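Novice: Mind having a look at this structure? Questions to follow.
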Amino acid sequence: MAKKSNDEFKSTPRYAGIATFMSTGLVHDPAELDIALIGVPFDGGAENRSGQRHGPREIRNMSSFIRPIHHVTRLNPFEICRIADLGDVPITSPFDPEGSHTEIGEFYREVHEAGAVPLSAGGDHSISLPILRAMATDKPVGLVHIDAHTDTGDEELGSRFTHGTPFRRAVEEGILDPKRTVQIGIRGAQNCEEGWDFSLESGMRVIYMEEFSKLGVEEVITAARGVTGDGPTYVSFDIDSLDPAFAPGTGTPEVGGLTTIEAQQLLRGFSGLDLIGGDVVEVSPPFDPSGNTALVGATMMYEMLCILAETVAGRKGI
Ligand code: MN
Ligand code: MN
């Protein structure tokens with residue numbers, strides 16, 4: 001697949017055509033890509049409000065607002081990497097969460113083996129577990145996790161595979177290195193303290209919103225980079241990390257969160273890490289009548305795409 005040129009972006013009206021992530025067009029073979037944009041329409045792990053299964057389609061739609069050249073860095077990810085929409089993970093057993101996770105894992109294994117780096121739109125946060133299973137084939141990976149919640153609970157309502165548990169399972173399965181994991185934006189009352197406790201006791205660095213406000217974005221970036229180091233690192237962005245004033249269309253909104261500009265600056269701060277992929281999860285279109293949450297999700301995907309493209313191009317010597 002050829003890279004998409006600026007002329008192609010400029011010559012097509014952004015409202016026209018079939019919606020794909022960032023108007024890149026649809027590709028079926030991950031071997032043709034450096035970075036694969038993937039939808040994961042699954043919300044069987046959502047404990048409260050659902051609707052995240054509709055996230056990929058709405059993020060695709062709102063991502064038509066995204067233009068290629070970054071206004072701060074002047075980087076054009078589409079110029080340095082082969083990037084396209086690889087479609088949605090086929091979920092054939094949506095009423096079976098663990099079966100769906102198996103399907104998601106198999107899809108990402110193929111992407112990983114083909115040498116493409118995945119950037120995904122969920123879906124609820126439980127999808128990050130099968131993605132990490134496919135990515136961490138050699139050794140446990142590091143994680144930048146931006147979220148209101150630690151998602152390190154042991155179980156919810158009798159299930160161990162929900163959107164509140166993926167990173168605890170990932171540590172237990174030996175695919176996530178808790179000492180190279182940083183959780184940013186944590187807040188909101190809980191029924192019990194076990195998730196917070198697990199994160200701290202396993203060695204994760206947890207930056208609650210209060211500390212975030214006190215340190216400011218730049219110092220948080222420095223602290224986070226100190227945790228991940230230069231080993232392989234995945235980035236997972238839960239849209240509920242943002243204040244619901246900016247992103248109301250999500251399952252578990254928590255007030256007192258990040259602003260959109262803080263989140264954008266934060267993501268830019270991870271430029272140069274050994275990034276192996278990322279996701280934006282928990283956008284729930286049924287709770288997003290204005291479409292703004294999907295636009296914010298698409299924009300965070302674009303910020304991630306820019307830092308991923310730099311890393312991937314550097315790694316491949318493009
Ligand atoms: Mn989450
Ligand atoms: Mn959350």
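The values are calculated or read from the model by the stated rules, or taken from the named source; none is laboratory data. Quick caveat: nothing in here was measured; it's all calculated off a predicted structure. Cβ atoms come from the backbone with ideal geometry, glycine included; neighbour counts cover every protein chain shown.
Novice: Select the helices (runs of 4 or more DSSP H) contained entirely in the stretch 206-312, then report the ones holding at least 3 residues which are modelled with pLDDT of 95 or more and over 20 Å from residue 142 (Cβ atoms).
Specialist: Hits in the stretch 206-312: 209-215, 260-268.
Novice: Within the stretch 209-264, work out how many residues are within 13 Å of ligand 2 (Cβ to nearest atom) and farther than 30 Å from residue 285 by Cα.
Specialist: 0
Novice: Being assigned to a helix (DSSP H, G or I), in contact (Cβ under 8 Å) with a residue 24 or more places away in the chain and not aliphatic (A, V, I, L, M) is the requirement here; does residue 42 meet it?
Specialist: Answer is no for this residue.
Novice: Hey, among 233, 260, 299, 293, which residue is away from ligand 1 (no atom under 16 Å from the Cβ), among the polar types (S, T, N, Q) and crowded, with 24+ Cβ neighbours inside 10 Å?
Specialist: 233
Condition check ((1) part of a loop (DSSP other than H, G, I, E, B); (2) aliphatic (A, V, I, L, M); (3) buried (at least 20 other Cβ atoms within 10 Å of the Cβ)) across all residues:
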residue: 16; (1), (2), (3): yes, yes, no
residue: 31; (1), (2), (3): no, yes, no
residue: 55; (1), (2), (3): no, no, yes
residue: 72; (1), (2), (3): yes, yes, no
residue: 84; (1), (2), (3): no, yes, yes
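Residues are listed down the side, and each one gets a yes or a no for (1) among the hydrophobic types (A, V, I, L, M, F, W, C); (2) without any contact (Cβ under 8 Å) to a residue 40 or more places away in the chain; (3) closer than 24 Å to residue 293 by Cα:
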residue	(1), (2), (3)
93	no, yes, no
99	no, yes, no
136	yes, no, no
145	no, no, yes
149	no, no, yes
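Novice: Which one is nearest to the chain's Cα centre (by Cα), of the residues in the stretch 18-29 that are aliphatic (A, V, I, L, M) and surrounded by fewer than 15 Cβ atoms within 10 Å (Cβ to Cβ)?
Specialist: Selected residue: 26.
Novice: Those residues that are closer than 20 Å to residue 38 by Cβ and either within 16 Å of ligand 1 (Cβ to nearest atom) or surrounded by fewer than 19 Cβ atoms within 10 Å (Cβ to Cβ) (or both), I need them from the stretch 268-290; list them, please.
Specialist: Listed by number, the residues that qualify are 278, 279, 280, 281, 282, 283, 284.
Novice: Given the conditions (1) touching a His at 6+ places or on another chain (Cβ under 8 Å); (2) more than 20 Å from residue 180 (Cα to Cα), which single one is not true for residue 147?
Specialist: Only one criterion in (1) touching a His at 6+ places or on another chain (Cβ under 8 Å); (2) more than 20 Å from residue 180 (Cα to Cα) is unmet by residue 147, namely (2).
Novice: Out of the residues in the stretch 137-162 that are farther than 15 Å from residue 47 by Cβ and more than 16 Å from the chain's Cα centre (by Cα), which is nearest to ligand 2 (Cβ to nearest atom)?
Specialist: So the residue we want is 140.
Novice: Now, a different point. Scan the strands (runs of 3 or more DSSP E) fully inside the stretch 101-190 and keep the ones with 2 or more residues being aromatic (Phe, Trp, Tyr).
Specialist: No strands (runs of 3 or more DSSP E) qualify here.
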